[in-house]
1. So what is the relative contact order of the stretch 10-122, in percent, for Cα pairs below 8 Å that sit 6 or more residues apart?
2. For a quick check of understanding: with a 1.4 angstrom probe and all protein chains in place, what accessible area in square angstrom does TYR74 have, to the nearest ten?
3. Once the piece of chain linking ASP84 and SER63 is laid out straight, how much longer is it, given 0.36 nm per residue of separation minus the C-alpha distance between them?
4. Along Cα→Cβ, 7 Å out, is where each label goes; now give me the distance between the ones at GLN3 and THR120 in nm to one decimal.
5. Using a simple spin-label model with points 7 Å from Cα along the Cα→Cβ vector, what separation in nm is obtained for ARG31 and GLN77?
6. Which residues does a label at GLU46 reach in the stretch 82-99, if reach means a backbone N under 11 Å from a point 7 Å past the Cα toward the Cβ?
7. Counting heavy atoms of the protein chains only and a 1.4 Å probe, report the per residue accessible area for the stretch 1-111 as a whole number of Å².
8. Quick one: Cα centre-to-centre distance for the stretch 35-68 and the stretch 102-122, in angstrom?
Amino acid sequence: DVQLVESGGGPVQAGESLRLSCKTSGYTAGRYCMGWFRQVAGKKREGVAAVHTRGGGKVYADSVKGRFTFSQGYNLQMNGLNPDDAATYYCAAFSAPLSVTRCPLTPGDYVAWGQGTQVTVS
């Protein structure tokens, strides 16, 4: 199994940047989808970004394209933050079947979850 721990969140002003880290432990070799999700209290969790660990392409939500990018593996570089980005951010993963080559942004597909790191934008 794999365990995930997020870090890097905090309070920022609009226009500033953050880099979120997803630290993995346990068995991390193999084919995985690694994803970032965010959730605001009272709203559904939404996918932000995802990447396949075995050559798959990167997937970004339209709302973050051009601003958020994967950095040094599974970290998430978040630039140009705005108040709509404020949320609790989670990294997540699942062991991808051979049929999965492009990782989804649907939370229900992911099995292992971190506890979240909070981002506040003012």
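1. Numbers: 239 pairs, mean separation 42.3, N = 113.
RCO, the stretch 10-122: 37 percent.
2. 70 Å²
3. Values: separation 21, 0.36 × 21 = 7.56 nm, distance 0.93 nm.
Here the segment from ASP84 to SER63 would lengthen by 6.6 nm.
4. Between GLN3 and THR120, the simple spin-label model gives 2.8 nm.
5. A separation of 2.9 nm, rounded to one decimal place.
6. Within reach of a label on GLU46, which here means backbone N under 11 Å from a point 7 Å along Cα→Cβ, the stretch 82-99 contributes 84-87.
7. On the way: 5730 Å² over 111 residues.
Normalised by residue count, the accessible surface of the stretch 1-111 is 52 Å².
8. 7 Å
The values are calculated or read from the model by the stated rules, or taken from the named source; none is laboratory data. Here the structure is a predicted model, which means the values were calculated and not measured. FYI the Cβ positions are ideal-geometry reconstructions off the backbone, even for glycines, and counts take in every protein chain you see. With ligands, DNA and RNA removed, areas are computed over all heavy atoms of the protein, side chains included. Shrake-Rupley method; radii C 1.70, N 1.55, O 1.52, S 1.80 Å.
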